[in-house]
Structures are given as C-alpha cells and as structure tokens.
1. Got a sec? What order do Arg114, Arg247 fall in by accessible area at 1.4 Å, biggest, i.e. largest, first?
2. Report, by chain and number, residues whose modeled amide H sits under 5 Å from the one on Asn138, excluding near sequence neighbours (fewer than 5 apart, same chain).
3. To the nearest Å, what is the center-to-center distance of the stretch 286-320 and the stretch 206-259, using C-alpha atoms only?
4. Sort the following peptides by mean Cβ neighbour count (other Cβ atoms within 10 Å, averaged over residues), highest first: 219-225, 127-133, 265-271.
5. Please list, in order along the stretch 235-242, the HN-Hα scalar couplings obtained from phi with the Karplus expression 6.51 cos²θ - 1.76 cosθ + 1.60 (θ = phi - 60°), rounded to whole Hz, x for Gly and Pro.
6. Would you be so kind as to identify which of Met276, Thr133, Ala79 lies farthest towards the positive end of the dipole of the chain, taking Lys and Arg as +1 and Asp and Glu as -1 on Cβ and the Cα centre as origin?
7. Would you check the accessible area of Cys371, probe 1.4 Å, heavy atoms only, in square angstrom rounded to 10?
8. In whole Hz and in residue order, list the ³J(HN,Hα) couplings for the stretch 11-23 that follow from phi through the Karplus curve 6.51 cos²θ - 1.76 cosθ + 1.60, θ = phi - 60°; x for Gly and Pro.
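The values are calculated or read from the model by the stated rules, or taken from the named source; none is laboratory data. Computed from a predicted model, the values in this text were never measured in an experiment. Cβ placement follows ideal geometry from the backbone for every residue including glycine, while neighbour counts extend to all protein chains displayed. Just the protein is used for accessible areas: all its heavy atoms, side chains included, with ligands, DNA and RNA removed. Shrake-Rupley method; radii C 1.70, N 1.55, O 1.52, S 1.80 Å.
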Amino acid sequence: MAFDFGPLLPPGTPAPAARWSGAPKFNFTGGNNDPDEVPLEGLMQAAQSVLAREGRTLSTYGLKSGPQGYRPLREFLAAKLKRDAGMACGADDVLIVSGSLQALDLVNAALLTRGDTVLVEQDNYQGTLNRLTRLGVNAVGIPLDQGGMRIDVLEAALAELKSRNVKPKYIYTIPTVQNPTGTILDETRRSAMLRLAREHGVPIFEDDCYADLVWSGERPRAIYAMSEDENVIHAGSFSKSIAPALRVGFIVAPWTIMSRMLALKTDAGSGSLEQMVLAEYCAPHFGDHVPALRKGLRKKLDTLMEALNEQFGTAAEFEAPQGGIFLWVKLPDKVDTMKLYPAALAAGVAINPGPEWSTDRAHSSSRMRLCFASPSHQEIRDGIAVLADVCRKEFGVPTRSANIERGEK
C-alpha cells in the first residue's frame, strides 16, 4: 500500500494539484504571451555572446555580482525605470527575483502574519488573492471604475479600519494596466493614494508587471517615483515583455525593507543564465522589441473583441483595455462562470472564471477573464465560437439572434 502523507500535512496546505494532461485546444487563461513575438534570434545571439565572455562566472553564486542579482541587468533596469517610469533608483536599489510571484512572496513574508489586513483592488490578480487567503490575511477589496481603484472608497475604508484600531500592512495596487480590468490609474489618483498612505502610515505595494504593454507606449509615472516618503515597494517582471518562462522579475525598494526581503530570499539566487541573457539582449534591443510586441497584441485584442461581438452580441459587455494581454468580460447575470468553466473546458476552451479574480465573488460571478496573447487569430475566432455554443447550451446565452442585436445582417 502507498504511504499516507495526509496526516503529516500542516493545516492550511493547499488542495492537491491535478496532474497536467496537456493544454486545451483554445487556451484563454494564464499570463502566456504571443509565441510569434518571442525574440528568439536575439536571445540566442545574446546567450552565445554573454556565455563566451562571462560564462565562467557561472561557477560563482550570484555571478560575482552579489545576492541582488546580475549587476548589468540591474543597471539596465535602473536606467529603464528612470526613463520610462520617472524612478530615481540605482542598481543597488534593485533585487532580481524569480518572476513577480517571488516578489509577492518576499513582500508578504517580510510584512504579513496571520490575521493582518491589507487593502487591494476588488477585481485582482488571482495569484495575489490566493496567497493572502493561504496566509490567513484579510483582504479588503476596493472597487474599480474606468480610472482604476476608486480613491474615495479607499479613503473611507482606511477611515473605517482606523476607527476599529486596525492598521493595514499595505495597499496593493496594479496601477498600470490593471489585472484583470486593464485600467490605468492616472497621476491624480496616484497622488491621492500617496496622500492617504502618508496620513495613515501605510506603505504601498505597486505591482507594475504590465507597464510595458500600454498601447500608446506612454505610461504615468510610477507611484514609487512620486513618493517623497520612501514608502513604496515596486515590483515588475520580464514575463510580459520578453517571455514568461524565463521567470525573471525584480523589486525596487528602500534598503530598510529590501534588506529584510533579501534575508528571506534563501534560494541562493534566481536563475543566473536567464539574467545574463536578458541583460545582453535588452540593452540594445528592448526599445525596438516592445513596440512590435504591443502592435501584435493590439491586433489580437481587436480580433477577440470582434469575435465576442459576432458570437455573443450584446450579451458580452466589456471595455477595451488600455494595454496588456487580457479582456475582462461581463455576461448576463444568469451566467455563472464558475459553472461555465468546466463545461467550456470539456469542449476544449479554457477561461478564467471571474470569482477567482475578485474579493467579491457575487459581484464577479458572471464575469470572465480572457487572455488573448497566446492563441492565434484563428484560434481566437474558433475558440470564442465554441465558447458561445457552450454558454448557449448551459445558460441560454447568447441567443441565436446575437448578431441581429448588434445590428448586423
């Protein structure tokens, strides 16, 4: 008989993972990117060049650059963040991590304990919400509108918590191409958030991993750049701008908290080869690569919105995001996307059901997140057609007259 590990598992252990049985035919989930836009030739050339020049430093943990990561990559990031986000930081203010997920874990490990409270956007990244739940942390959701997090509700929530002598450990925000809504917080709201953070003595955790994918190529200054109090932790990633499987992210933070996170990063350093190749490639090519990536992604978004209009008619409501790789879609209230998900998956279509991406499951029960970056244009069209058929069979939505509702013939 197989040994029973069950009694040995500590309380709070996540449910067991399912064995991977292959990708669905039409995959609209995850933070995957466009395979055709991975700069493969440039990465191969960068790998050969940097390994020929510095390959023997792989014999040393940290590539002789220290525990914060490969210094040329940190120097590239410091210059990029100054140019693009207005951030006055140097290489010594940057910590390279294994994707933005490790950034989340390090910030949480440094600041949170069971029973703490944090403030987050109501519709939010599933990975963030799941981590907070497992840690036993109370996540207070702040609703969003087309301009991002509603600062009036944030102010009221901070005041209400203060009246109960509850001091949040941080305000978590994805201000630039918010996940999943695709909104961008303007500088007026960023300033107001900083004012509230200062008044209540609460730091801000700024997750900026989608900031390179603003369609216009222009983004507001990072909240980190606008702070005068050194109370912002900034995180970013190369997953959305280069390739998610590289697993390279970064944190920019004051040394008072960076030193705590560095002490908790006990993995002997993130993958060094990836850091070397990224530094070698990005210094000369990042500025040309990202605009081309954005252009391709924008075309895929257009295809997705056209397919939804054609297949769902007015039954699918959405606001075109200002960048990114996903679309947040509202279906009629009678559609439960938690039930739609397994039915669609059985038909070969994977979606992200809204309740998994929100602190308010009732508010998001008829919503879904669709990632359009990885499927081809034809796969987007075909996948949405299959999804509409499944939704019609399960919920009677959309009706057969969807195209007529849109005024089409």
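1. Details: Arg114 165, Arg247 95 Å².
Accessible-area ranking of Arg114, Arg247, largest first: Arg114, Arg247.
2. Gly115, Asp116, Thr117, Val118
3. Value for the Cα centre distance between the two parts: 24 Å.
4. By packing density, highest mean first, the sequence is 219-225, 127-133, 265-271.
5. Result, ordered by residue: 10, x, 7, 9, 4, 8, 9, 10 Hz.
6. The Cα lying farthest towards the positive end belongs to Thr133.
7. So the heavy atoms of Cys371 present about 0 Å² to solvent.
8. Result, rounded to whole Hz: x, x, 4, x, 4, x, 6, 7, 5, 6, 10, x, 6.
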